[in-house]
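What follows is a short report on a single structure.
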Amino acid sequence: SQTIHQWPATLVQPVGSPLSLECTVEGTSNPNLYWYRQAAGRGLQLLFYSVGIGQISSEVPQNLSASRPQDRQFILSSKKLLLSDSGFYLCAWMDRAPEAFFGQGTRLTVV
Amino acid sequence: GQNIDQPTEMTATEGAIVQINCTYQTSGFNGLFWYQQHAGEAPTFLSYNVLDGLEEKGRFSSFLSRSKGYSYLLLKELQMKDSASYLCAVRDPDSGSARQLTFGSGTQLTVLP
């Protein structure tokens, strides 16, 4: 069966520090991968998606970047965090089924 | 563009039935999804409608009317554990292989004893 791992679960980082969040999927091949951000009490905002290795599409201009170095690995990064980068970050995957499945999420607080 | 509306909050009593509505105005349509999200946790998939009508899964049912741009999630025999945020999402057919979902802001349901 397919599983998705996302870490860390929580992170507190100072303004100006770098960021690296990692997501890996098991039990599927060539999935679509997504990074979402959720502000408190809000819906999910799509940040990046990838339909294959090395293929990254950005949905909103921002201080973040994404990479997909391997088929089932998706990384969200920043060189210098801003206060506004705080939020709940969710990785998701999708293959032949219509629905998307989410990782456990990372609660990022920038201080 | 995509615009999805759902009520911000709802309250219901344990054992009762509650209906959470979702309306959407989108440039295209290729399926509507409902997700449940408990506080601090990831969303979990509940239901998927692509054709008009009702889909039933145990205590949960979801209805879709494409002509009206309208869906609802019906929860029966409410339990305390059903207290959560319920997210409505629509797939954009123009997103091609990306198969992107656009989410509403969610409806926070509180089940009271």
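The values are calculated or read from the model by the stated rules, or taken from the named source; none is laboratory data. Fair warning: this is a prediction, and the values are worked out from it, not measured in the lab. We place every Cβ from the backbone using ideal geometry, glycine too, and count neighbours over all the protein chains shown. SASA here: full protein model, heavy atoms, side chains in, ligands and nucleic acids out. Shrake-Rupley method; radii C 1.70, N 1.55, O 1.52, S 1.80 Å.
Restricting attention to the range A:54-111 and to residues that are farther than 12 Å from A:Ser20 by Cα, aliphatic (A, V, I, L, M) and surrounded by 14 or more Cβ atoms within 10 Å (Cβ to Cβ), the residue that is farthest from the other protein chains (Cβ to nearest Cβ) turns out to be A:Val110.
When A:Leu47, A:Leu19 are screened for being farther than 27 Å from B:Ala84 by Cβ and either within 11 Å of another protein chain (Cβ to nearest Cβ) or open to solvent by less than 20 Å² (accessible area, probe 1.4 Å) (or both), only A:Leu19 passes.
Has the range A:30-39 got at least one residue that is open to solvent by less than 80 Å² (accessible area, probe 1.4 Å), out of contact with any Phe, Trp or Tyr (no Cβ under 8 Å at 6 or more places or on another chain), over 20 Å from A:Lys80 (Cα atoms) and more than 9 Å from chain B (Cβ to nearest Cβ)? Within the range A:30-39 (the criterion being open to solvent by less than 80 Å² (accessible area, probe 1.4 Å), out of contact with any Phe, Trp or Tyr (no Cβ under 8 Å at 6 or more places or on another chain), over 20 Å from A:Lys80 (Cα atoms) and more than 9 Å from chain B (Cβ to nearest Cβ)), the answer is no, since none of the residues qualifies.
Can you say whether A:Glu26 is touching a strand residue (DSSP E or B) at 6+ places or on another chain (Cβ under 7 Å) and more than 13 Å from chain B (Cβ to nearest Cβ), as far as the supplied structure shows? For A:Glu26, the condition - touching a strand residue (DSSP E or B) at 6+ places or on another chain (Cβ under 7 Å) and more than 13 Å from chain B (Cβ to nearest Cβ) - is met. Taking strands (runs of 3 or more DSSP E) as the structural unit, those lying wholly within the range B:45-113 and holding at least 1 residues that are within 25 Å of A:Leu46 (Cα to Cα) and within 11 Å of chain A (Cβ to nearest Cβ) correspond to B:84-91, B:101-103, B:107-112. The residues of the range B:3-26 that are more than 14 Å from chain A (Cβ to nearest Cβ), surrounded by 13 or more Cβ atoms within 10 Å (Cβ to Cβ) and in contact with a Gly (Cβ under 7 Å, 6 or more places away or on another chain) amount to a single one, B:Thr23. Taking the range A:4-16, which residues are surrounded by fewer than 18 Cβ atoms within 10 Å (Cβ to Cβ) and closer than 16 Å to A:Gln70 by Cα? The one that is surrounded by fewer than 18 Cβ atoms within 10 Å (Cβ to Cβ) and closer than 16 Å to A:Gln70 by Cα: A:His5.
The single residue among B:Phe45, B:Phe63, B:Phe29 that is within 28 Å of A:Thr109 (Cα to Cα), open to solvent by 20 Å² or more (accessible area, probe 1.4 Å) and of a type outside the set (Gly, Ala, Ser) turns out to be B:Phe45.
Exactly one residue among B:Lys68, B:Lys57 is over 23 Å from B:Asn3 (Cα atoms) and open to solvent by 20 Å² or more (accessible area, probe 1.4 Å), and that residue is B:Lys57. Against the numbered list (1) touching a strand residue (DSSP E or B) at 6+ places or on another chain (Cβ under 8 Å); (2) at pLDDT 95 or above, B:Lys57 comes up short only at (2).
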